[in-house]
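Asker: Quick one: this structure, given as C-alpha coordinates, is what I'll be asking you about.
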Amino acid sequence: RHVGNDQVHVVFTEHYRDYRPDTITSQFNDAHIVLYPISRSRYRVQIFTKKELFGPLLDGMVIHQSIGPILARRTAIMADRVVRQSNYGHSTPFASRKEIFLEFERKCGTQSLVGQVLGQALQTLPL
(Lines give C-alpha, C1' and ligand atoms only; values in the text may rest on other atoms or scores of the structure.)
Protein backbone atom coordinates (compact mmCIF):
# COMPACT_ATOMS: atom_id res chain seq x y z
CA ARG A 1 0.00 0.00 0.00
CA HIS A 2 1.22 3.49 -0.82
CA VAL A 3 -0.07 6.69 0.73
CA GLY A 4 1.02 10.03 -0.64
CA ASN A 5 1.25 12.11 -3.75
CA ASP A 6 4.84 11.59 -4.83
CA GLN A 7 5.66 12.86 -8.29
CA VAL A 8 8.72 10.63 -8.67
CA HIS A 9 8.90 7.00 -7.60
CA VAL A 10 12.11 5.01 -7.23
CA VAL A 11 11.44 1.27 -7.40
CA PHE A 12 13.83 -1.61 -6.78
CA THR A 13 12.37 -4.90 -7.92
CA GLU A 14 13.73 -8.41 -8.05
CA HIS A 15 10.69 -9.77 -9.86
CA TYR A 16 11.24 -11.51 -13.20
CA ARG A 17 8.55 -9.40 -14.90
CA ASP A 18 9.01 -5.73 -15.72
CA TYR A 19 7.46 -3.21 -13.36
CA ARG A 20 4.15 -1.75 -14.50
CA PRO A 21 3.92 2.00 -13.83
CA ASP A 22 0.18 1.69 -13.19
CA THR A 23 0.94 -0.40 -10.09
CA ILE A 24 0.72 2.78 -8.00
CA THR A 25 -2.12 4.88 -9.39
CA SER A 26 -2.24 8.60 -8.80
CA GLN A 27 -2.57 11.76 -10.81
CA PHE A 28 0.84 12.77 -9.46
CA ASN A 29 2.95 9.86 -10.78
CA ASP A 30 5.03 11.75 -13.32
CA ALA A 31 8.15 9.59 -13.29
CA HIS A 32 9.22 6.11 -12.24
CA ILE A 33 12.88 5.12 -11.90
CA VAL A 34 13.06 1.33 -11.75
CA LEU A 35 16.18 -0.68 -10.92
CA TYR A 36 16.43 -4.42 -11.65
CA PRO A 37 19.38 -6.51 -10.46
CA ILE A 38 20.81 -8.42 -13.44
CA SER A 39 23.87 -9.81 -11.66
CA ARG A 40 25.53 -9.51 -8.26
CA SER A 41 27.02 -6.17 -9.24
CA ARG A 42 24.88 -4.71 -12.04
CA TYR A 43 21.46 -3.09 -12.31
CA ARG A 44 19.30 -2.49 -15.36
CA VAL A 45 17.52 0.87 -15.39
CA GLN A 46 14.01 1.48 -16.67
CA ILE A 47 12.52 4.97 -16.76
CA PHE A 48 8.84 5.79 -17.23
CA THR A 49 7.95 9.45 -17.56
CA LYS A 50 5.04 11.65 -18.62
CA LYS A 51 7.33 14.61 -19.29
CA GLU A 52 10.65 15.18 -21.01
CA LEU A 53 13.85 13.27 -20.36
CA PHE A 54 16.12 13.95 -17.42
CA GLY A 55 19.28 12.37 -16.11
CA PRO A 56 21.81 11.21 -15.06
CA LEU A 57 20.11 7.78 -15.37
CA LEU A 58 18.44 7.04 -18.70
CA ASP A 59 16.15 4.25 -19.81
CA GLY A 60 18.02 1.09 -20.78
CA MET A 61 21.26 1.84 -18.97
CA VAL A 62 23.17 -0.87 -17.14
CA ILE A 63 25.05 0.45 -14.11
CA HIS A 64 27.32 -0.90 -11.39
CA GLN A 65 25.61 -1.49 -8.05
CA SER A 66 28.08 0.75 -6.24
CA ILE A 67 26.75 3.86 -8.04
CA GLY A 68 23.08 2.79 -8.26
CA PRO A 69 21.82 4.53 -5.11
CA ILE A 70 23.50 7.89 -5.73
CA LEU A 71 22.49 7.98 -9.41
CA ALA A 72 18.90 6.97 -8.56
CA ARG A 73 18.73 9.79 -6.00
CA ARG A 74 20.20 12.38 -8.37
CA THR A 75 17.87 11.28 -11.15
CA ALA A 76 14.88 11.51 -8.81
CA ILE A 77 15.87 15.06 -7.84
CA MET A 78 16.28 16.05 -11.50
CA ALA A 79 12.95 14.43 -12.42
CA ASP A 80 11.22 16.29 -9.59
CA ARG A 81 12.69 19.58 -10.82
CA VAL A 82 11.59 18.91 -14.40
CA VAL A 83 8.06 18.08 -13.24
CA ARG A 84 7.80 21.08 -10.93
CA GLN A 85 9.16 23.53 -13.50
CA SER A 86 6.74 22.31 -16.15
CA ASN A 87 3.72 22.85 -13.90
CA TYR A 88 1.85 26.14 -14.07
CA GLY A 89 2.40 28.30 -11.02
CA HIS A 90 5.67 26.63 -10.10
CA SER A 91 7.78 28.23 -7.42
CA THR A 92 11.18 27.16 -6.20
CA PRO A 93 11.51 25.35 -2.87
CA PHE A 94 13.11 28.45 -1.31
CA ALA A 95 10.27 30.70 -2.45
CA SER A 96 7.69 28.20 -1.16
CA ARG A 97 9.38 28.02 2.24
CA LYS A 98 9.61 31.79 2.42
CA GLU A 99 5.85 32.10 1.74
CA ILE A 100 5.07 29.52 4.44
CA PHE A 101 7.29 31.39 6.87
CA LEU A 102 5.70 34.77 6.06
CA GLU A 103 2.22 33.30 6.44
CA PHE A 104 3.18 31.90 9.85
CA GLU A 105 4.45 35.34 10.85
CA ARG A 106 1.22 37.02 9.72
CA LYS A 107 -0.86 34.56 11.74
CA CYS A 108 1.27 34.96 14.88
CA GLY A 109 1.55 38.72 14.57
CA THR A 110 5.13 38.84 15.77
CA GLN A 111 8.55 37.76 14.67
CA SER A 112 10.50 35.48 16.98
CA LEU A 113 14.30 35.31 17.25
CA VAL A 114 14.23 32.14 15.15
CA GLY A 115 11.98 33.94 12.71
CA GLN A 116 14.42 36.84 12.44
CA VAL A 117 17.32 34.49 11.70
CA LEU A 118 15.31 32.49 9.17
CA GLY A 119 14.01 35.65 7.57
CA GLN A 120 17.53 36.99 7.07
CA ALA A 121 18.70 33.65 5.68
CA LEU A 122 15.80 33.42 3.25
CA GLN A 123 16.40 36.94 1.98
CA THR A 124 19.91 35.99 0.85
CA LEU A 125 18.85 32.85 -1.06
CA PRO A 126 18.10 32.99 -4.80
CA LEU A 127 14.42 32.68 -5.62
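Asker: What does the charge count around Val82 come to, taking other residues whose C-beta lies under 14 Å from its C-beta (Lys +1, Arg +1, Asp -1, Glu -1)?
Answerer: +2
Asker: Further, regarding this structure: How many nm separate the modelled label positions at Ile100 and Thr23, each set 7 Å beyond the Cα in the direction of the Cβ?
Answerer: Label-label distance for Ile100 and Thr23, simple model: 2.9 nm.
Asker: Pop out the carbon and sulfur fraction of the accessible area of the range 22-72 as a percent, whole number, probe 1.4 Å.
Answerer: About 55 percent, which is the carbon plus sulfur part of the accessible surface.
Asker: Let me ask you something else. For the range 64-78, in order, what is each residue's ³J(HN,Hα) by Karplus, 6.51 cos²θ - 1.76 cosθ + 1.60 with θ = phi - 60°, in whole Hz (x at glycine and Pro)?
Answerer: Per-residue couplings from phi come out as 6, 4, 5, 10, x, x, 5, 6, 5, 5, 5, 5, 4, 5, 5 Hz.
Asker: On to the next question. Around Arg42, which amide H atoms from residues at least 5 apart in sequence, or from another chain, sit under 5 Å from its own amide H, with H modelled in the peptide plane?
Answerer: Here the answer is Gln65, since their amide H atoms fall under 5 Å of that of Arg42.
Asker: Which value, in Å², gives the accessible area per residue of the range 6-93 when a 1.4 Å probe is used on the protein heavy atoms?
Answerer: Accessible surface, normalised per residue, equals 65 Å².
The values are calculated or read from the model by the stated rules, or taken from the named source; none is laboratory data. Please read these numbers as outputs of a predicted model, since none were measured by experiment. No Cβ is skipped: glycine too gets one built from the backbone with ideal geometry, and neighbour counts run over all protein chains shown. Side chains included, ligands, DNA and RNA excluded: accessible areas come from the protein's heavy atoms. Shrake-Rupley method; radii C 1.70, N 1.55, O 1.52, S 1.80 Å.
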